[in-house]
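**Q** Following this message is one structure expressed as structure tokens.
The values are calculated or read from the model by the stated rules, or taken from the named source; none is laboratory data. As the structure is a computational prediction, the values presented were derived from the model and not from experiment. Because the Cβ atoms are built from the backbone with ideal geometry, glycine has one as well, and the counts that use them run over all protein chains shown. Surface areas here come from the heavy atoms of the whole protein model, side chains and all, with no ligands, DNA or RNA. Shrake-Rupley method; radii C 1.70, N 1.55, O 1.52, S 1.80 Å.
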Amino acid sequence: MTFSWTQHRFSGGTLALDVANSVILRFDAERRIDRYADPVAMRDFAAAANRFSAEKQLFGVLDPVALENREAFLNLREATDRHFRARVLGASTGDDLADLLDAASAIIRRHKAETARTPLDAATARSALMLATFSEPERLKICPNCRWLFLDRSRNRSRTWCDMTVCGNRAKANRHYQRQKKEFAA
């Protein structure tokens, strides 16, 4: 199956959340798709993040994750998802935060030298740490349609969906369909 990283795939609002959202239908065992299971898609994510990530100005040009660092990167992705999802749901524990900090520090230790280009895993670790200390945690939300994590950057904190053009339209179309179905049944 071919896959391309579109702007919609970067609707998390931070690089760390975009990486966490690389698992589609995370909680549906039968339909779950890990976009990083394909090494080409994982490599291509860095180039797409250079174009679409909300934090692209913070980290400079991103390079793909080195083959020997992929396991640590995937550990960071899962720790990021667990911690921030639990935080939104009000079930965050010290263990979730400790796991996130351990995963981020393992990656940061590997990338001590600053270069003109930043490895995706190092940028993601820094993004997760910045989000962990974000001063407005109520802006962190879960999309009611796709269950992706996103940062609500709207002025009045009223954003509901990760992406209005995809999840928002699907939700509105579903409500319309349900109303029509109810009218025809009556």
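**Q** Output ³J(HN,Hα) for region 127-138: one whole-Hz value per residue in order, computed from phi by the Karplus curve 6.51 cos²θ - 1.76 cosθ + 1.60 with θ = phi - 60°, and x for Gly and Pro.
**A** 4, 5, 5, 5, 5, 5, 10, 4, 6, 10, x, 5
**Q** Which order do Met42, Met130 take when ranked by solvent-accessible area (1.4 Å probe, heavy atoms of all protein chains), largest first?
**A** Numbers: Met42 10, Met130 85 Å².
Order by accessible area, largest first: Met130, Met42.
**Q** Compute the helix-to-body angle for 94-110: its Cα long axis versus the longest principal axis of the chain, expressed 0 to 90° and rounded to tens.
**A** Orientation of helix 94-110: about 50 degrees from the principal axis.
**Q** For the chain, restrict the atom set to alpha-carbon positions and state the Rg and Dmax in Å.
**A** Cα radius of gyration and Dmax of the chain are 17.5, 68 Å respectively.
**Q** Here's something else I'd like to know. Please list Arg31, Arg9, Arg157, Arg109 in order of solvent-accessible area, largest first, computed with a 1.4 Å probe with all protein chains present. Numbers along the way, then the final one.
**A** Working: Arg31 140, Arg9 50, Arg157 105, Arg109 165 Å².
If we order Arg31, Arg9, Arg157, Arg109 from most to least accessible, we get Arg109, Arg31, Arg157, Arg9.
**Q** Please list, ordered by chain and number, the residues whose modelled amide H lies under 5 Å from the amide H of Val61; skip anything fewer than 5 residues away on the same chain.
**A** Placed amide hydrogens put Thr118 under 5 Å from Val61.
**Q** Another question, then. Pop out the ³J(HN,Hα) list for region 150-162 in order, Karplus 6.51 cos²θ - 1.76 cosθ + 1.60 with θ = phi - 60°, rounded to Hz; leave Gly and Pro as x.
**A** 8, 9, 7, 9, 5, 4, 9, 6, 10, 4, 9, 10, 4
**Q** While we're here: Rounded, prolate or oblate: which fits region 1-48, taking a ≥ b ≥ c as square roots of the Cα gyration tensor eigenvalues, rounded meaning a/c under 1.5, else prolate when a/b beats b/c? Show your work: numbers first, answer last.
**A** Working: a/c = 1.91, a/b = 1.18, b/c = 1.61.
Oblate is the answer for region 1-48, as a/c is 1.5 or above yet b/c matches or exceeds a/b.
**Q** Next question, about the same structure. Taking only Cα atoms and a 10 Å spring cutoff, compute GNM fluctuations for the chain and point out the largest among Gly12, Gly94, Gly60.
**A** Gly94
**Q** Placing unit charges on C-beta atoms (Lys and Arg positive, Asp and Glu negative, everything else neutral), compute the dipole magnitude of region 58-118 about its Cα centre in debye, rounded to 20. Numbers along the way, then the final one.
**A** Details: 9 positive and 10 negative charges, 34 e Å.
Dipole about the Cα centre, nearest 20: 160 debye.
**Q** Quick check: the angle from helix 70-88's long axis to the longest principal axis of the chain, C-alpha only, nearest 10 degrees?
**A** The answer is roughly 50 degrees.
**Q** In terms of solvent-accessible area of protein heavy atoms at a 1.4 angstrom probe, what is the ranking of Asp96, Asp18, highest value first?
**A** Numbers: Asp96 25, Asp18 0 Å².
Sorted descending by solvent-accessible area, the residues read Asp96, Asp18.
**Q** Could you list which residues have their amide H under 5 Å from that of Leu140, counting only those 5 or more apart in sequence or on another chain, with H placed in the peptide plane?
**A** Here Asp152 satisfy the definition.
**Q** Give me the accessible area of Ser154, 1.4 Å probe, in Å² rounded to the nearest 10.
**A** Approximately 30 Å² for this residue.
**Q** Once amide H atoms are placed 1.01 Å from N in the peptide plane, what residues at a sequence separation of 5 or more from Asp163, or on another chain, have their amide H within under 5 Å of its amide H?
**A** Counting only residues 5 or more places away or on other chains, the set is Gly168.
**Q** What accessible area, in Å² to the nearest ten, does a 1.4 Å probe give for Thr133?
**A** 110
**Q** Highest GNM mean-square fluctuation, the chain, Cα pairs closer than 10 Å: which of Arg82, Arg126, Arg110?
**A** Looking only at Arg82, Arg126, Arg110, the biggest GNM fluctuation is shown by Arg110.
**Q** Just how large is the dipole of region 1-155 about the Cα centre, in debye to the nearest 20, putting +1 at every Lys and Arg Cβ and -1 at every Asp and Glu Cβ? Working shown, then result.
**A** Working: 23 positive and 21 negative charges, 85 e Å.
Taking the Cα centre of region 1-155 as origin, the dipole is about 400 debye.
**Q** Give me D for region 84-141 in µm² s⁻¹, whole number, from Stokes-Einstein with Rh from the Kirkwood sum over alpha-carbon pairs, 10 °C and 1.306 mPa s. Present the calculation step by step, with values, prior to reporting the outcome.
**A** On the way: Rh = 12.5 Å.
Here the translational diffusion coefficient equals 127 µm²/s.
**Q** OK, next. May I ask you to evaluate 6.51 cos²θ - 1.76 cosθ + 1.60, the Karplus curve with θ = phi - 60°, for each residue of region 16-33 and list the ³J(HN,Hα) values in order in whole Hz, giving x for glycine and proline?
**A** After applying 6.51 cos²θ - 1.76 cosθ + 1.60, I find 4, 6, 4, 5, 4, 7, 6, 9, 8, 6, 3, 9, 10, 4, 6, 10, 4, 10 Hz.
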